[in-house]
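To start, the structure itself, in structure tokens.
The values are calculated or read from the model by the stated rules, or taken from the named source; none is laboratory data. Remember, predicted model here, so these are calculated numbers, not experimental data. Neighbour counts are summed over all protein chains in view; Cβ atoms, including those assigned to glycine, are modelled from backbone coordinates with ideal geometry. Keep in mind that these areas ignore ligands, DNA and RNA; they rest on the heavy atoms of the full protein, side chains included. Shrake-Rupley method; radii C 1.70, N 1.55, O 1.52, S 1.80 Å.
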Amino acid sequence: MKVPKRSSRHKNVQKEEAKKLIEQKEGRSEEEAEDFVESPVVSDDDDDEEFSDDDGSLSVSGSEDGHLPGEEDVFVSSDGEDSFDAKSDDVSGNGASGSGRDDTEHDKDEDAESDNSRPVVEESDSSEDEVAPRNTVGDVPLEWYTEEEHIGYDLAGKKIKKKERQDKLDSFLASVDDSKNWRKIYDEYNDEEVELTKEEVKVIKRLLKGKAPHADFDPYAPYVDWFSWDDSKHPLSSAPEPKRRFIPSKWESKKVVQYVRAIRKGLIKFDEKPKEEPSAYLLWGDDSTAIDRQGLAYIPAPKPKLPGHEESYNPSLEYIPTQEEINSYQLMYEEDRPKFIPKRFTSLRSVPAYEKAVNENFGRCLDLYLCPRARKKRINIDPESLKPKLPSRKDLRPYPTSCYLEYKGHKGPVVSISTESTGQWIASGSTDGTVRIWEVETGRCIRIWELGESVHHVSWNPLPERPILAVCKGEDVYLLNTGLGNAEEQKSLEELLRVETGPSPDDSDNDKTIVNWVQDDKIGGFRAVLIHLLSKKQTQRIPFKLHGLPVSTAFHPSRSVFFISTKKNIRVYDLLKQKLIKKLETGVREVSSIAVHPGGDNLIVGSRDGKLCWFDMDLSSQPYRVLKCHPKDVNRVAFHRSYPLFASSSDDCTAYVFHGMVYSDLNQNPLIVPLEILRGHGSENGRGVMDCKFHPRQPWLFTAGADSVIKLYCH
């Protein structure tokens, strides 16, 4: 509680008591010393407010119960002790104190005492008195450190770690319990909370009121005349005029030259009045003069023909046709027939209403509405010149044109075929659960495997000395020894395909393997893109995230680059660097198959909406050419290894053959020419040609159809 103010005769007694109490409490700890707080009240003006550190109580100076300037109250909060005045020399009561002075005299004395008791603030301009900032990042934006663990560097060059953010609910509850929370502000630059002192609060209040930050600042200081006017004849100097004031300026002469040139070119004009357009014009006059006014492209609106003698209600007899002429008008075509036949009336009152008035007015409105207001130049272009100039198909031979041989033996649709690297054998897989090997030249089937389940895909080993056939059936992948080659090759194949039954070294780390390499046993399925290493009997998953269901995959012909196709996009990965090289956006409904050019820089994509997309890897992620050739789904696309040919097979029972030349000159785009449409397969359950493959050495094309027939097309 506050001690009521006392009269001036008790000043010395109170002062001595306050000093004694302060000296007794100096030996206490810091926590106990906080209970004895002096709250100096220095009123800069009548509206300043003071806040005590104990309980955040507010005392307003200038009110009836406020303190006068120079007072300083000490509040004792422990055990309900009475508060006392540490400095009561300048205490004077008002109202309740019984001083007897009126309010006006009290305000005047209060202002005088505040002026006398106001301390003088001495500031230093030395840079040594300034406190160096904790953070030394300078003008670097703090947004650059949002994702970092530190907010800057201190003077020693060490990182300043960010403080852990407190929960908003906890910080709110802490701020409610803290009486000094209203004085705390957050410094983003140094990542810390700063508590404002009373002096700083006073400065902020004065600035908010538009006053000077320091109370001792005098805005109305007396003017100091620094110039002595004694014994001076001239205002500032009696020196003679300099020579430069009488020499023409070079800058002004340059400006004059610029203005003269602008006037000669017509850029600057003087006293030119804008041309006034006539407000009235001839309604029935000729608009030929308006063309010059509007420009050459202006077309005036059509105007009807002026009425002549024929349109008169009482024309001369020479304008009135006879009955024979009227009858001859009926025999004429409607286009050549006159639209108006003159008639003669005795007076204007006897003229009837015009029958075609509404029709002619409507036609006139259409003329005004539909008439073009600009003359457009018509360019005569031959449509044949717009067609691309493609080379003749005779110059692009050889390419497959007709069916030469058929391979029959499957009882179901042939889903996949693959040609051996030497071109002597071809393998096929069907939905009847069999895998067959055919001799290309004779069409004889030399080997059959019964797998008991529909075959999805077959593929030969690209190395001719290792005639191994990979077959995909359901969730299993089989590696078949075809039995081709000499005895030495067969012996090496048997050693290569032998699988050890013992535990693999990968199981030492207690990790689950992706697949199991077993000897003629079924294995569990796994939805992912896997790469199998036959020599080491190892399988690994690609270290990339699949952005969708994989549809087709392919290896680069010469580099460690891997292509993965999803339904919408194709991603190209580098297996050595394990990073994404490029993402190709097809723009089709769904991708069905992909094929890589033997050079490796071009790619063709087949889609379910009958489109073929040619991608140039060096140009863009968008297709270089989009060919809309098939009315149904494209099942397979293929490149020839040595000839500039590529083909596509579709469910419309056709296979398209194209010429695709890729030039070594990077400035020349690839040449794509459609060559031939190969027909002959039948449709089965809505499916047509399921697969197509080129012969590795000849310009021949193998096609596999849903009619369980494999056909060979030759040139």
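Could you calculate the FRET efficiency of residue 488 with residue 663 from 1/(1 + (r/R0)^6), where r is the beta carbon distance between them and R0 is 35 Å, rounded to 0.05?
Details: r = 43 Å, r/R0 = 1.23.
It comes to 0.25.
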Worksheet item: Taking R0 as 41 Å, what's the FRET efficiency between residue 463 and residue 628 from their Cβ-Cβ distance, rounded to 0.05?
Response: 0.60
Worksheet item: Largest first, how would 637, 256 line up by accessible area (1.4 Å probe)?
Response: 256, 637
Worksheet entry | Amide H within-cut-off set for residue 638, under 5 Å, with H built and near neighbours excluded | 647
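Which whole-number value in Å² is the accessible area per residue of the range 382-482, probe 1.4 Å? Write down the numbers at each step before the final one.
Values: 5370 Å² over 101 residues.
Here the per-residue accessible area is 53 Å².
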Practice prompt. In whole Hz, with x marking every Gly and Pro, tabulate ³J(HN,Hα) for the range 201-208 from phi via Karplus 6.51 cos²θ - 1.76 cosθ + 1.60, θ = phi - 60°.
Written response: 5, 5, 4, 5, 4, 5, 5, 5
Fill in: Surface accessible to a 1.4 Å probe, residue 142 within the full protein complex, Å²
50 Å²
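Let me spell out the model: positive unit charges on the Cβ of Lys and Arg, negative unit charges on the Cβ of Asp and Glu, origin at the Cα centre of the range 303-343. What dipole size does that give, in debye rounded to 20?
Numbers: 5 positive and 8 negative charges, 52 e Å.
In debye, rounded to 20, the range 303-343 gives about 240.
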Worksheet item: Using θ = phi - 60° and the Karplus form 6.51 cos²θ - 1.76 cosθ + 1.60, what ³J(HN,Hα) does each residue of the range 323-336 get, whole Hz, x for Gly and Pro?
Response: 5, 5, 5, 5, 5, 5, 5, 5, 7, 7, 5, 5, 5, 8
Discussion item. Please report the net charge: other residues with Cβ closer than 14 Å to the Cβ of residue 616, K and R +1, D and E -1.
Written reply: -2
Item to complete: May I ask you to order 220-227, 257-264, 408-415, 475-482 by the average number of other C-beta atoms within 10 Å around their residues, highest value first?
Response: 408-415, 475-482, 257-264, 220-227
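Can you flag which of 180/205; 243/265; 387/693; 568/632; 389/582 are past 27 Å Cα-Cα? Don't skip to the end; give the middle numbers.
Details: 180/205 17 Å; 243/265 36 Å; 387/693 31 Å; 568/632 18 Å; 389/582 33 Å.
Where the Cα-Cα span goes over 27 Å, the pairs concerned are 243/265; 387/693; 389/582.
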Fill in: Spacing of the two label points (7 Å from each Cα toward its C-beta) at residue 404 and residue 621, in nm
4.4 nm
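Of all the accessible heavy-atom surface of the range 390-445, with the other protein chains kept in place and a 1.4 Å probe, what percent is carbon and sulfur?
Details: 1150 of 2580 Å².
Reported share for carbon and sulfur atoms: 45 percent.
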Practice prompt. Evaluate E = 1/(1 + (r/R0)^6) for residue 497 and residue 685, where r is the Cβ-Cβ distance and R0 equals 30 Å; express this FRET efficiency to the nearest 0.05.
Written response: 0.25
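Roughly speaking, to the nearest percent, how much of the range 303-343's 1.4 Å accessible area is carbon and sulfur?
Values: 1900 of 3760 Å².
For the range 303-343, the apolar C and S fraction of the accessible surface comes to 51 percent.
Taking only the alpha-carbon atoms of the range 303-343, what semi-axes of the equivalent ellipsoid follow from 5 times the gyration tensor eigenvalues under a square root, in whole Å, largest first?
Numbers: eigenvalues 76, 50, 6 Å².
The answer is 19, 16, 5 Å, longest axis first.
If we count every other residue with Cβ under 14 angstrom of residue 633's Cβ, Lys/Arg +1 and Asp/Glu -1, where does the sum land?
On the way: positive: 567, 589, 608, 611, 628, 632, 636, 687; negative: 590, 609, 651, 652, 691.
Value of the local net charge: +3.
Counting Lys +1, Arg +1, Asp -1, Glu -1, what net charge surrounds residue 704 among other residues with beta carbon under 10 Å of its beta carbon? Walk me through the numbers before you get to the answer.
Details: positive: 636, 693, 711; negative: 691, 707.
The answer is +1.
Rank-order 662-675, 623-636, 340-353 by packing density, defined as the average count of other C-beta atoms within 10 Å over each peptide's residues, highest first. Kindly include the intermediate steps, with their values, before the conclusion.
On the way: 662-675: 12.4, 623-636: 18.5, 340-353: 10.1.
Ranked by mean Cβ neighbours within 10 Å, highest first: 623-636, 662-675, 340-353.
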Worksheet item: Using mean Cβ contacts within 10 Å as the protection proxy, how do 452-458, 213-219 order, highest first?
Response: 452-458, 213-219
Worksheet entry | Hz values of 3J(HN,Hα) by residue in the range 460-477 - Karplus curve (6.51, -1.76, 1.60), Gly and Pro given as x | 7, 6, x, 7, x, 7, 10, x, 9, 10, 9, 10, 9, 9, x, 9, 10, 10
Worksheet, complete the sentence: Counting sequence-distant residues (5 or more places) and residues on other chains, those with an amide H built under 5 Å from that of residue 607 are 592, 634
Worksheet entry | Residues of the range 693-711 with amide N under 16 Å of a point placed 7 Å along Cα→Cβ from residue 445 | 704-711
Discussion item. Quick check on my link table: of 473/577; 394/711; 163/577, which ones sit more than 26 Å apart, alpha carbon to alpha carbon?
Written reply: 473/577; 163/577
Response to the item:
The set of residues whose placed amide H lies less than 5 Å from the amide H of residue 457, leaving out same-chain residues fewer than 5 positions away, is 472
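Could you do me a favour and compute the accessible area per residue for the range 303-343, 1.4 Å probe, result in Å²? Intermediate values should be presented prior to the final figure.
Details: 3760 Å² over 41 residues.
With all protein chains present, the range 303-343 gives 92 Å² per residue.
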Discussion item. Please compute the length gained on full extension between residue 377 and residue 577, using 0.36 nm multiplied by the number of residues separating them and subtracting their Cα-Cα distance.
Written reply: 66.1 nm
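Per residue, how large is the accessible surface of the range 642-715? Use a 1.4 angstrom probe and give square angstrom. If you can, show how the numbers build up before the last one.
Details: 2790 Å² over 74 residues.
On a per-residue basis, 38 Å².
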